[in-house]
Amino acid sequence: MAYWLIKSEPDTWSWDQHVKKGADAWTGVRNHQAKTHLNAMKKGDKAFFYHSNEGKEIVGVSEVVKEAYPDPTDKAGTFVCVEFKAIEPVKTPVTLAKIKAELPDMVLAKNSRLSVQPVTADEWKKVRKMAGLK
């Protein structure tokens, strides 16, 4: 299993909306590096759900339920989407500031603008602990 972090602006698509919707396509990614990460995702992989811009914090955990396929919102047919399902909220949101302080080598600390990014197994364990999850 691989681990990831996916980012969304809460006023565009919030954790609460994600929970209510259930499984849904993660569309609208228009960055080639993020596209590479989406293509690498496998069913069952887990991802931290991060609120960007407002909050700047990890607020939940999602799971890949459908692997990459053409993004229906991309008329050019260049980009892909992946379907995620919300599986658990965090007990304590983990802020960008805390990530930068405790995990300075994590992609989020170094490239906070990238909307889809890998997370190492060690980072996954540490962030879960910071978030109050087992």
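The values are calculated or read from the model by the stated rules, or taken from the named source; none is laboratory data. In this text, all values refer to a predicted model and were calculated from it rather than measured experimentally. We place every Cβ from the backbone using ideal geometry, glycine too, and count neighbours over all the protein chains shown. Ligands, DNA and RNA are excluded from the accessible area calculation, which covers all protein heavy atoms including side chains. Shrake-Rupley method; radii C 1.70, N 1.55, O 1.52, S 1.80 Å.
What is the dipole size for the chain, taken about its Cα centre, with +1 at each Lys and Arg Cβ and -1 at each Asp and Glu Cβ, in debye to the nearest 20?
280
Among the lysines, select those whose C-alpha is under 26 Å from the C-alpha of Lys75, and discard any that sit fewer than 8 residues away in the same chain.
Of all the lysines, those that pass the test against Lys75 - Cα under 26 Å, at least 8 places apart if same chain - are Lys7, Lys21, Lys35, Lys42, Lys43, Lys66, Lys85.
Considering only C-alpha atoms, what is the centroid distance from the range 1-71 to the range 111-131, in Å?
Result: 13 Å between the Cα centres.
Give the accessible area for His32 in Å² (nearest 10); use a 1.4 Å probe, count only protein heavy atoms, and leave out ligands, DNA and RNA.
110
Express the relative contact order of the chain as a whole percentage, based on alpha carbon pairs under 8 Å and six or more residues apart in sequence.
30
Where Rh denotes the Kirkwood radius from the mean inverse Cα pair distance, what is Rg over Rh for the range 87-134?
Here the Rg-to-Rh quotient is 0.94.
I need the phi-derived Karplus couplings for the range 108-117: 6.51 cos²θ - 1.76 cosθ + 1.60, θ = phi - 60°, integer Hz, Gly and Pro marked x.
Listing the rounded values in order: 4, 6, 9, 9, 5, 7, 5, 7, 9, 9 Hz.
Taking a virtual spin label 7 Å from the Cα of Glu9 along the C-beta vector, which residues in the range 29-52 bring their backbone nitrogen under 11 Å of it?
52
Quick query: amide H of Gly28 versus all other amide H atoms, modeled in the peptide plane; which residues come in under 5 Å with a sequence gap of 5 or more or a different chain?
Answer set, sorted by chain and number: Thr73.
Determine by what factor the alpha-carbon radius of gyration of the chain differs from 2.2 N^0.38 Å, reporting the quotient.
Relative to the rule-of-thumb radius for its length, the chain sits at 0.97.
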